[in-house]
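Peer 1: First, the structure itself, so that you have it in front of you.
The values are calculated or read from the model by the stated rules, or taken from the named source; none is laboratory data. All values derive from a computational prediction rather than experimental measurement. Here the Cβ positions follow ideal geometry from the backbone for every residue, glycine too, while neighbour counts run over all protein chains shown. Protein only, heavy atoms only, side chains kept; ligands, DNA and RNA dropped before computing areas. Shrake-Rupley method; radii C 1.70, N 1.55, O 1.52, S 1.80 Å.
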Amino acid sequence: MRYIYNVLRQSSTILLLIFTTLSLFSQDSFKRLDSVRVFANGQELLYPWTGGFNNPQFSSVDINNDNIKDLVVFDRSSQKVLTFTNNGSSGTIDYQYAPEFQHNFPTPLYKWVILVDFNNDGIADLFTNLPNNWIKVYKGRYDTADQIAFDLFVSRVYYQGSSSQPIQVISTDVPAITDVDGDGDIDILTFDWLNSVTVTYYENIALESGFGDSLFFDDIDHCWGNFKEDGLTTAVTLNQTCKGGGKTSGTSAHSGSTLLALDIDSDNDKDLILGDVSYQNLILLTNGGDSSSAHMISQDTLFPKNSIAVDIDVFPAAFLADVDNDGLEDILASPNGPFSSNTKNVWWYKNVGNDTAIFEVQTDSFLVGDMIDLGEGANPVFFDHNGDSLLDIIVGNYGYYQGGNYHSRLALYENTGQFDTPEYTLVTKSYYNISNLAPDALSLYPAFGDLDGDGDQDMLIGSEDGTLTYYENTGGGGNIAVFNTPIPNYQNIDPGKFSTPQIVDVNKDGLLDLLIGERNGNINYYPNTGSVNSPIFDDANKVETFGNIVIKSSLVTGYTVPFLTSLDTTGEYYLLVGAEDGYIHLYGNIDNNLNGTFTLIDSTYEDIREGYRSTISGGDLNSDGKLEFLIGSYGGGISLYTTSDSIKLPAISVPPIPSNTTLSIYPNPSKNAFILSSNKQINISSISLYDLLGQSLPVDASILSSNTIEISTSEYSDGVYFLSCRDDAVSQSIKIIVQK
């Protein structure tokens, strides 16, 4: 866990409070809910809740020490590792999503990840990129549970030349890390740092030097294979020789290439598959030299020529993996950067050859076709769209990349299960035709709440430009949502770019307020100064930095997403915040402190990290009184979590209960009505009722006496609610359970 240490220094009292708080947390309070079934296009998805990916990179390694190669996927865009165990047999495919292995991978990881055994101990090691373009290496091992784990080996890899220098890989590129010369240790091929158009060969001489468990490289050749990239055509120029220490004459810098080295014709030297930032195809270069002196003699510019060629908008990359366990390595091709395909973005080419590898395309949606994957960015929220009391899911996204542009939409996954066994079916990826109503809007973030007091849930949508668009629901409570013509620039609210609203009664006054996250990393609070039927949100009352929260993973951006809710039986508010760093940040000390500084409880809550630019929202999915959470990320998918019975949360800001006031409620649980009793006179206007999401509900109350009130809940579904009573400006919350 990470904590703000300057807070701990303020006083011994605060120190004691924080450590007492931490001791109350169960590290298993949140758990994945991968068992909820999801259907799309008439088929059940195999991996619906994995979180999706845009720019996946594949490594075939044994992650559970059973001598079978599993699959590790690193998504460049969401900066997330996904792990799949291989349960298939010869000629069959059977991968199972296994997130329990993901926590053993180091974080953060940047740009590219390649898993290869450099020290020949039978365990894969991890090579990755640093922000300054150096190579970082982690040594692999198996822990006591036979799960692969990693320890830092070197923070940078050096080569020996006139002086020792770190090997640099251009941040846009993917190098080849493999045994190029066939001597039993791994070497490195990467485009030259200086001219970016020729490949540099770094030979590993560790074995020759008697240091098998180390990495020693020589800078051997700056024009490996004797070719160069042009940057203007899909073809490369063959028969090039390097001059002046590595530069080819008449070349200009050209960044953005991917390399896969493999022996495609079984002649004991490495051929090369090359991808380029400017093109949608892959190029196969055939090596007519040998393992010690490469010379590319021919090229296939539409690889593979015997099948449908790779066609991935721009910047494809290729990776080796024996997908179907037939003993032959296949090829997986995917985009290596943004502004490229973010659906149908994993092409599987099966190796159907023998001595010479022959690749035939099988699918353009390997793994990703069995996921909830909605392009780039996923902003999921629960919403009962058809009034059947089952929570459906609406998902906004940053956009699908099509025809050179991004197009944002809302997707609807309808809950077609039961209260105790939810399941989801994709109804549409263009809910309410939002893409036509707002064709230029990007990064759509939906929020729902009854803003006009008519008993149904209206919709607000935040977007990249920071404004909100209002869609009034005229369908009525318990009916299918019917949204009116959108009202753009709702009440001139514009907190900042990439607005992410939540509709919630923040101050518990019976009126729905707005919390809005934004790119700058703060959270904006707009209290409702109007009425139940006619809300007013204006800048004069706005709290621009709610709770004094500013989360930034860079100097300028944080991409906050707020979700204010009650997590335990006290009814106290806690604030969960998704952010650019991919973690969930948890804050307390909120009730009766709306203009103060909230307490950061955990900046990596439950160690959940589903990927870059995380979002979070929740709801009681199965009416068991426990919240379920939807977590989205820039990978374009969703992860589903539930809270366990063992969840424990600190009562950081429990308001004092006046000693002269005693409140009781009975019967509890109840079917249709509760009796609220007090030793003092009760003011009916001081009573509010909330669901687990903090949504204010209408209170149907009857005065029985000056200190006794009957509260009807006959219109509410089974579940947990909180009754809030104000006394001398102090809010007290009482948990009630409706059980029919």
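Peer 1: Need one number: % antiparallel among DSSP beta bridges in the chain, to the nearest 5.
Peer 2: The antiparallel fraction comes to roughly 95 percent.
Peer 1: Could you list, in their original order, any pairs among LYS136/LYS344; LYS552/LYS735; LYS508/LYS626 whose Cα atoms are separated by more than 26 Å?
Peer 2: Beyond 26 Å: LYS136/LYS344; LYS552/LYS735.
Peer 1: Could you rank the peptides 82-89, 101-108, 442-449, 364-371 by their average count of other C-beta atoms within 10 Å per residue, with the highest value first?
Peer 2: The most tightly packed comes first, giving 442-449, 364-371, 82-89, 101-108.
Peer 1: Once you have the alpha carbon radius of gyration of segment 46-160, what is it after dividing by 2.2 N^0.38 Å, with N set to its residue count?
Peer 2: 1.06
Peer 1: Ordered by packing density, taken as the mean number of other Cβ atoms within 10 Å over each peptide's residues, highest first, how do 486-499, 51-64 rank?
Peer 2: 51-64, 486-499
Peer 1: Another question, then. Please identify the cysteines of the chain that lack any partner cysteine with a Cβ under 4.7 Å from their own Cβ.
Peer 2: CYS725
Peer 1: Let me ask something else. Given the peptides 183-192, 352-361, 575-584, 403-412, arrange them by the average over their residues of other C-beta atoms within 10 Å, most packed first.
Peer 2: With the highest mean Cβ count within 10 Å placed first, the list reads 575-584, 183-192, 403-412, 352-361.
Peer 1: Let me ask something else. Search the structure for amide H atoms under 5 Å from the amide H of SER78, placed 1.01 Å from N in the peptide plane, and list their residues when 5 or more places away or on another chain.
Peer 2: Excluding prolines and chain starts, which carry no amide H, the hits are ASN54, ASN55.
Peer 1: Another question about this same structure. Pairing the Cα long axis of helix 12-23 with the longest principal axis of the chain, what angle in degrees results, from 0 to 90 and rounded to the nearest 10?
Peer 2: 70
Peer 1: Ignoring ligands, DNA and RNA, please state the percent of accessible area on the chain from carbon and sulfur, probe 1.4 Å.
Peer 2: About 48 percent, which is the carbon plus sulfur part of the accessible surface.
Peer 1: Could you provide, to the nearest whole Å², the per residue accessible area of the chain with probe 1.4 Å?
Peer 2: Ligands and nucleic acids excluded, the result is 38 Å² per residue.
Peer 1: Per residue of segment 117-122, what does 6.51 cos²θ - 1.76 cosθ + 1.60 with θ = phi - 60° give for ³J(HN,Hα)? Whole Hz please, x for Gly and Pro, Karplus curve as stated.
Peer 2: 8, 7, 10, 6, 9, x
Peer 1: Quick one: how many Å² of LYS735 are accessible to a 1.4 Å probe, rounded to 10?
Peer 2: 70
Peer 1: While we're looking at this one, here's another question. Counting Lys and Arg as +1 and Asp and Glu as -1, what is the net charge of the other residues whose Cβ lies under 9 Å from the Cβ of TYR398?
Peer 2: -1
Peer 1: How much mean residue ellipticity at 222 nm does the chain get from its helices, if each DSSP H run of length 4 or more adds -39500 (n - 2.57) and you divide by all residues, to the nearest 500 deg cm²/dmol?
Peer 2: Rounded to the nearest 500, it is -500 deg cm²/dmol.
Peer 1: Please work out the ratio of the alpha-carbon Rg of segment 487-587 to 2.2 N^0.38 Å and round it to two decimals.
Peer 2: Taking the Cα Rg and dividing by 2.2 N^0.38 Å, one obtains 1.07.
Peer 1: How large is the charge dipole for the chain, taken about the Cα centre, if only the Cβ atoms of Lys, Arg (+1) and Asp, Glu (-1) carry charge, to the nearest 20 debye?
Peer 2: I would put it at about 2180 debye.
Peer 1: What does the charge count around GLY327 come to, taking other residues whose C-beta lies under 14 Å from its C-beta (Lys +1, Arg +1, Asp -1, Glu -1)?
Peer 2: Every neighbour counted, the sum reads -4.
Peer 1: Quick check: the distance between the Cα centres of segment 272-351 and segment 82-100, to the nearest angstrom?
Peer 2: 23
Peer 1: Calculate I(q)/I(0) for segment 29-107 by the Debye formula, one identical point scatterer on each C-alpha and no solvent, and give its log10 at q = 0.25 Å⁻¹ to two decimals.
Peer 2: Debye intensities relative to I(0), on a log10 scale: -1.34.
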